[in-house]
Amino acid sequence: MPKAIVFDIGGVLIGLNMVRCIEAFRSGLGFERITQLLDPYHQKGIYGELEGGRLSEQHFKDLVIAESRPGTKPEDVEWAMGELLDNKMDPRSVQAVKNLAEKYPLYLLTNNNPISIRLCHGIFKDNGIDPETVFKEEFVSSDLKMLKPDPEFYKYVIRKIGLEPQEILFIDDNKANVDGARALGIDARQYIPGTDLGLILSDC
C-alpha cells in the first residue's frame, strides 16, 4: 500500500485534444508552426522552453503573436492553448480522486506551463475538485525548471514528499516518465487515456 499518490495532469486527470488545439492555433490565430511544437508528452521549441521554465509567459505570447495573424492578442493565445484541455473530466476519475483524498496525501507532478496550469485549476474546480484542498502540493515543471523524466525532478519530489520512493505511487500516461520514475524506485504505473482510472488504483 502506498503512503502517498502522485498524479500527472494532462492525459491522466484531464483529457488532451491535440487536433482541436492545432486547429485553434492555425485557423484561429494563423499560427502555422504549432504542428512543430505540440506533442502529447514533451512539447518542443518555444512551447517546450515555456514548460521548462526557460521562457516567460509574456515572451512566449509575444513570439506566438509575432507569427500570427495581425490583431492577435495575448488572450487569443491563452484561448488556443486552452483548446488542448478537455473541460469535462471523466466522472470516474473525479470520484476516484475524491475517494483517495480521504485516505492519502495526493500530489500533482506535471510538465506544464503558467498558462495551462491556471486553466487546469479552473477545470478541476468546475468538475468539483478544489485543487488547493485535494492536493497537498503540485510540482510544476515551469516553476521548478525541470522536466520529466529528468531524474533530478523525481529526486526533488521524493525529498519534498519525505517518503521512501517505494512508498510513493505515481500515475502517468507517458511510458518514458513511468520508466524514469521506476528507475528511482518509485511505484510508477502507466495510465491509458480514456480508461477507468480507478482500475489502476484498485489496490489502494
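The values are calculated or read from the model by the stated rules, or taken from the named source; none is laboratory data. In this text the structure is predicted, and so the values were computed from the model without any measurement. Every residue, glycine among them, receives a Cβ derived from its backbone with ideal geometry; neighbour counts consider all protein chains shown.
Observations, loosely collected:
- In segment 49-58, the residues that are of a type in the set (G, A, S) and either touching a residue at least 24 places away in the same chain (Cβ under 8 Å) or out of contact with any helix residue (DSSP H, G or I) (no Cβ under 9 Å at 6 or more places or on another chain) (or both): G52, G53
Results for (1) farther than 21 Å from L197 by Cβ; (2) of a type outside the set (G, A, S); (3) at pLDDT 95 or above, shown as yes or no for each residue.
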position	(1), (2), (3)
G128	no, no, yes
K136	no, yes, yes
I158	yes, yes, yes
P165	yes, yes, yes
L169	no, yes, yes
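- Among the candidates I14, I22, residue that is β-branched (V, I, T), touching a strand residue (DSSP E or B) at 6+ places or on another chain (Cβ under 8 Å) and crowded, with 17+ Cβ neighbours inside 10 Å: I14
- In segment 127-140, the residues that are without any contact (Cβ under 8 Å) to a residue 40 or more places away in the chain and of a type in the set (A, V, I, L, M, F, W, C) reach residues that are surrounded by 15 or more Cβ atoms within 10 Å (Cβ to Cβ) and part of a loop (DSSP other than H, G, I, E, B) with C-beta atoms within less than 6 angstrom, at least six apart or across chains, in these pairs: V140/N112.
- Against the conditions (1) modelled with pLDDT of 95 or more; (2) more than 30 Å from K136 (Cβ to Cβ), N17 satisfies every one except (2).
- Criterion violated by I161 - all others in (1) over 26 Å from E57 (Cβ atoms); (2) of a type in the set (V, I, T); (3) touching a helix residue (DSSP H, G or I) at 6+ places or on another chain (Cβ under 8 Å) satisfied: (3)
- Here I22 qualifies as free of Cβ contacts under 8 Å to residues at least 24 places away in the same chain and either under 30 Å from D203 (Cα atoms) or not in a loop (DSSP other than H, G, I, E, B) (or both).
- Restricting attention to segment 66-89, the residues that are surrounded by 16 or more Cβ atoms within 10 Å (Cβ to Cβ) and in contact with a strand residue (DSSP E or B) (Cβ under 9 Å, 6 or more places away or on another chain) add up to 3.
- Consider segment 58-73 and keep the residues that are among the charged types (D, E, K, R) and more than 15 Å from L37 (Cα to Cα). The one that is farthest from the chain's Cα centre (by Cα) is R69.
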